[in-house]
Structure formats: structure tokens, C-alpha cells
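Okay, so here's the structure we're looking at.
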Amino acid sequence: MLEIICLIWLWRVNGKHAIERGQNPKKYRALTLGLWFGLEFTGTFVGAWLMQLLNAGDNAFYGAYFFGIIGAAIGGFTSYWVAKKAPMGNYRPEDQPNGWNNQSGGWNQSQNGWDNQQNGWNQNQNSWDNQQNGWNQNQNGWNNQQNGWNRNQNGWDNQQNVWGQTQQEPDCLFAPATIRIIEEEGGYNGGQDAFFLNGRPICSLQPGSEYTFTTYAKKNVLTIGRPTPEPSDETTVLKFIAGEKGQIEIHACAGRLLPGKFSNYTA
């Protein structure tokens, strides 16, 4: 009975980890069952064979059962590790048509504490709104970008209830935006830069390479080198709003973002 309970728990956990990594949970749940029962059967067979060699007699059954439990444990741990380390993908469950942002944790499922926030961005003790160099108080931030966001009278800085108030619904896109990250030549000799979007790992690029992916998130924070941004350093963090079917291009070089080459077009 205990074995069945453990298997059901592991089956659910591995499916949850697969969804968090943007993967279809069905194949990882099937992998869980395959590894569990496959290695349990193999362990039982090996145990019975060893007990026969040792002339265990009445204890042969217990020996075979013990080896079967060990095999099931190895299979369960292996399936857990595979689901936990699954590559990042773009899978979205059918009951969540609007992407990651329709999950109960939404943006807040990042390993850096976002998943502990029940009410979104603004209830985090380290919230962006409480930082002196936050979104609306950073003179070198969004309002100085050439794309004219600061010229909109109804823009970010003039809305009292945007980031400072609890969002009733998570922001999301009905059509995904495409993001292209370009790591320019120079600065590294065999090194590479890691990129994170909203606290989640996206890719790791060497000089002269690039990576293209899509996102359903409307409000985004891209960082380089670490998932936790430094709001005062524009060369390691980039905040932007993605539009539906938008085309976003981000350049980086030698561990630094190049905000002057940033572009954001909406279809």
C-alpha cells in the first residue's frame, strides 16, 4: 500500500515539474511508471537469482522483495531527476490557454521567490515598487528609452494603479511574442553568457551565436548572468512590454546587455 501511495505522489510531482519546465507531462509520467516498474521487476529477478545461488531457502522471497524495492526506489529517483532537469520548452496545458501567466502562481513561480507570492509582483518584500531605483524612480530607466514610452501621458509612470496595486488578473498575450537574443562577437575566449526571462533560465550563448523563442508574458524582465536582477545596472537587466505577435531583439556582449541595440516591434 505504501508503495502505491509513493508511486502516485511521484507520478503527480513529475508531471508538475514537467509543466513548470514547459514540457508535456504525459511522457514524464509514462517515464515514471516505466522506470519504477521496470527496475522493480529487474531488481526482483536479480534478487531471486542471488537467493537461489546462496541457497537462501525460505528467505528467498524476502531477498527478492528487498531487491525489488531497491530497484523501484532507483527508478523513482531517476524519473524525478529527469523531470526536474527537463529542458525548457513552450508547452502549455489545455486548461491554461493564455500561457504561464494563467497559472495560479503566474509570474511568481520563479525559483527566486516569485512562486511564494500569492498576489503577484507587488507583495514581494523585495518588490520592484519599493526599490529606490525601481521602475518609476529610475531616471535612466524606461522613461529615457527612445521608443517614447515616457511621452505617453497615460504611461507607466503616470498610472498610480499599475505596478503599485495588486493585479486582479495576470497580464498575458493571446498571441505570443517572438524574442531573439544575439550574443555578439568579442569579449570572451571560449566563454558564454546565460540569459533568464522572468527568473527562468532561457539559454546560454557563446559569442557569435543567437537564440529565438516565444513568450506569452506581457511584462518581462530579462537578465544576463543571474536570474535575480540588479535594478540599478542597465547592462544586466532589461524590462520591456511585449505585444501580441511582437518582434523583440536583444543584443549582448561579454556579460553585458546592449540597451542601445534593443528593439521592440508590435505587429
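Pairs needed: first member in segment 1-29, over 19 Å from Ile74 (Cα atoms) and small (Gly, Ala, Ser); second member anywhere, modelled with pLDDT of 85 or more and assigned to a helix (DSSP H, G or I); C-beta distance under 8 Å; at least 6 residues apart or different chains.
Ala18/Arg29
Assuming Thr235 fulfils every condition listed in (1) among the β-branched types (Val, Ile, Thr); (2) in contact (Cβ under 8 Å) with a residue 60 or more places away in the chain; (3) outside any strand (DSSP E or B) apart from one, which condition is it?
(2)
Suppose we filter segment 238-249 for residues that are surrounded by 18 or more Cβ atoms within 10 Å (Cβ to Cβ) and part of a loop (DSSP other than H, G, I, E, B); how many remain?
Count: 2.
Testing Thr228 on (1) more than 22 Å from Met88 (Cβ to Cβ); (2) modelled with pLDDT under 85; (3) of a type in the set (Ser, Thr, Tyr), one condition comes back false. Which one is that?
(1)
Which one of these is among the charged types (D, E, K, R) and farther than 30 Å from Arg200 by Cα: Glu20, Glu40?
On inspection, the qualifying residue turns out to be Glu40.
For residues in segment 1-17 being modelled with pLDDT under 80 and either assigned to a helix (DSSP H, G or I) or of a type in the set (S, T, N, Q) (or both), which is nearest to Tyr80 (Cα to Cα)?
Restricting attention to segment 1-17, the residues satisfying the condition of being modelled with pLDDT under 80 are 1-3.
Those still in the list that are either assigned to a helix (DSSP H, G or I) or of a type in the set (S, T, N, Q) (or both) too: 2-3.
Numbers: Leu2: 18, Glu3: 16 Å.
Within segment 1-17, the match that is nearest to Tyr80 (Cα to Cα) is Glu3.
Mind checking which residues of segment 25-57 are surrounded by 15 or more Cβ atoms within 10 Å (Cβ to Cβ) and outside any helix (DSSP H, G or I)?
Ala56
Which residues, taken from segment 176-214, are of a type in the set (S, T, N, Q) and touching a Phe, Trp or Tyr at 6+ places or on another chain (Cβ under 8 Å)?
Within segment 176-214, Thr178, Asn198, Ser204, Gln206 qualify.
The values are calculated or read from the model by the stated rules, or taken from the named source; none is laboratory data. Keep in mind it's a predicted model, so treat the numbers as computed, not measured. Quick reminder, even Gly has a Cβ in these numbers, built from the backbone with ideal geometry, and neighbours come from all protein chains shown.
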